[in-house]
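Participant: Starting off with a structure, shown below.
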Amino acid sequence: MFEHDTIRIDVANDFYNDKLQLLINALDEGKKVSPMVDCIGHTRNNMTQEAYKEALIKHYGDKLNVRIDEGWCSYGYVYKLEGE
């Protein structure tokens, strides 16, 4: 699911600006990141994943490379900046 160079960042169980900033900081350092949502429900996970994806796309635009890691009922994303 995750390559050895993917950094998983705990984003709690909802959208938080301080957690978004952790993702941005890691991406700015050239890291490949994946948000980890702390919940057991797939609906909350998916809603939270989408909120972070939308915010990161708004922040980076076309510079952001987004890959989905599909699951059975829930999913996650892996992000990196183009050229990194």
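Taken together, the values in this text are just the output of simple stated rules run on the coordinates, not laboratory data. The model shown is predicted, which means the values in this text are computed figures rather than measured ones. Glycine also receives a Cβ, built like all others from the backbone with ideal geometry; neighbour counts cover every protein chain displayed.
Participant: On a 0 to 90 degree scale, rounded to 10, what angle separates helix 42-60 from the longest Cα axis of the chain?
Facilitator: Its long axis makes an angle of about 20 degrees.
Participant: Related question: Just to confirm the filter: which chymotrypsin sites (Phe, Trp or Tyr not before Pro) across the stretch 14-58 are DSSP coil and have at most 14 other Cβ within 10 angstrom of their Cβ?
Facilitator: Sparse-neighbourhood loop chymotrypsin sites (Phe, Trp or Tyr not before Pro): Tyr16.
Participant: Any idea what the dipole of the chain comes to, in debye rounded to 20, about its Cα centre with Lys/Arg Cβ at +1 and Asp/Glu Cβ at -1?
Facilitator: Roughly 80 debye, rounded to the nearest 20.
Participant: Turning to a different aspect of this structure: Helix 17-28 against the longest principal axis of the chain: what's the angle in degrees, Cα atoms only, rounded to the nearest 10?
Facilitator: Tilt of helix 17-28: around 40 degrees.
Participant: A follow-up question, please. For the residue pair Ile40 and Lys63, what label-to-label distance in nm results when each label sits 7 Å from Cα along the Cα-to-beta-carbon direction?
Facilitator: Distance between the two pseudo-spin positions: 4.1 nm.
Participant: Shifting gears a bit: Multiply the residue gap between Asp10 and Leu81 by 0.36 nm, knock off their C-alpha separation, and tell me the result in nm, one decimal place.
Facilitator: Net length gain for the segment: 23.6 nm.
Participant: Sticking with this structure for a sec: Would you work out the relative contact order for the stretch 6-81, in percent, from Cα pairs under 8 angstrom that are 6 or more residues apart?
Facilitator: Relative contact order for the stretch 6-81 comes out at 34 percent.
Participant: What share of all Cα pairs of the chain, in percent, falls into each consecutive 10 Å distance bin?
Facilitator: Cα pair-distance distribution for the chain, in percent: 18, 57, 23, 1.
Participant: Assuming a viscosity of 1.002 mPa s and a temperature of 20 °C, what translational diffusion coefficient in µm² per second does Stokes-Einstein assign to the stretch 21-62, Rh being the Kirkwood radius over Cα pairs?
Facilitator: The diffusion coefficient I find is 192 µm²/s.
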